[in-house]
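First comes the structure, then the notes that go with it.
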Amino acid sequence: MSFEAPKNGGALARLFAFLTAAFVAWSAYALATSSLPPLAANRGRIDSAIALNLVISGIVFLGAHVALLLVLLRRPREARIPHENARVEMLWTALTAIVLVALLVNSELDSRALAGGSTDPGAEPPVVVEVVAQQFAWNFRLPGEDGIFGRTDPRLVDQAELNFIGLDRKDPAAEDDIILPQGLLVLPEGREVRVRLRSLDVIHSFFVAPFRVKRDAMPGIATEFTFTPTLSGRFELACAEHCGLGHYRMRGMVEVVPKADWAARLKEAVQ
Ligand SMILES: [Cu+2]
């Protein structure tokens, strides 16, 4: 049995061109009609990084398809593929490397800028909040007026006593700690927030899309990151790591209120 080459290579090329055009049109439509949730924190760099990656991969996608199309149109019958062309191979390897390295450097600069927090000497001190993930809920704690978190010990965790994070109530620093109700975090608008993220059991992930924040919570490690909410409102917090059978209900709410209302809203939430 012999395979017959298509009589008309041009038809194949036209089909290919049509499919490429349809895909490009669909991508453009999807890009134009769907978008990220409106930005509600000082992390616009994430959006620019996503846009940059999309544009560059879009150009590469189009370029590769146009090149393929040209080959199809020019050589409709016979497959005269050159076996080696060191120049071309060097060129595309170098170009790919340059683009990828540039993207990597750019994302490294972004993550450094985002990790650094505010450098404004006149800025108010950040709001420090401890976020403790557990199967399947979020716990939030503020250090209170003394600015010091009370001691915690995993052996003191007691679900019945509602001591989810194992706070040592005998520690004087623990006295004024503010423990928010599970699943509700209240933050002031326009002030830097420094999150200290922990997990009591497995790996969870703190994900608030409007803040462009997604961080893994690792058992045994406390990680820190900062962001500044720039809009008042209620924003959904989801666990972005499949952490067990109850993962789907590991949902929380971040409520951002104007600075002046923050203390009152905190008090109300704790009651
Ligand atoms: Cu989880």
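Nothing in this text is a laboratory measurement; each read-out follows from the coordinates by a stated rule. Not measured: the values here are computed from a predicted model. Positions of Cβ are generated from backbone atoms using ideal geometry, with glycine treated the same way; all protein chains shown enter the neighbour counts.
Applying 1/(1 + (r/R0)^6) with r as the Cβ-Cβ distance of Ala123 and Asp47 and R0 = 22 angstrom yields a FRET efficiency of 0.45. By DSSP, the beta bridges lying fully in the chain are antiparallel in about 70 percent of cases. Among the GluC sites (Glu not before Pro) found in segment 170-217, those both in a DSSP coil and sparsely packed, with 14 or fewer other Cβ atoms within 10 Å of their Cβ, are Glu175.
Normalised Debye scattering of the chain at q = 0.13 Å⁻¹ gives log10 I(q)/I(0) of -0.94, counting only Cα atoms as equal scatterers and leaving out solvent. Simple spin-label estimate for Thr96 and Ile178 gives 5.3 nm between the two label positions (7 Å along the Cα-to-Cβ direction from each Cα). Each residue, Arg155 and Ala67, gets one label point 7 Å from its Cα in the Cβ direction; the gap between the two is 6.4 nm. Counting only DSSP H runs of at least 4 residues, each contributing -39500 (n - 2.57), and dividing by the residue count of the chain, the helix-based mean residue ellipticity at 222 nm comes to -13000 deg cm²/dmol.
Residue-wise HN-Hα couplings along segment 44-50, as the Karplus relation 6.51 cos²θ - 1.76 cosθ + 1.60 with θ = phi - 60° gives them from phi, are x, 4, 5, 5, 5, 5, 5 Hz; Gly and Pro carry x.
Between amide H atoms placed 1.01 Å from N, distances below 5 Å from Val213 occur with Val208, all of them 5 or more places distant or on a separate chain.
With each label modelled as a point 7 angstrom along the Cα→C-beta vector, the Lys259-Ala25 pair spans 5.2 nm.
Mean sequence separation of contacting Cα pairs (under 8 Å, at least six apart), scaled by the length of segment 9-116, corresponds to a relative contact order of 56 percent.
When you count the other C-beta atoms within 10 angstrom of each residue and take the mean per peptide, 235-242, 55-62 line up highest first as 235-242, 55-62. Using the alpha-carbon positions of segment 9-116, Rg (one decimal) and Dmax (whole number) come out as 18.9, 59 Å. Loop exposure criterion: trypsin sites (Lys or Arg not before Pro), DSSP state outside H, G, I, E and B, at most 13 other Cβ atoms within 10 Å. Applied to the chain, the longest stretch between such sites is 171-271.
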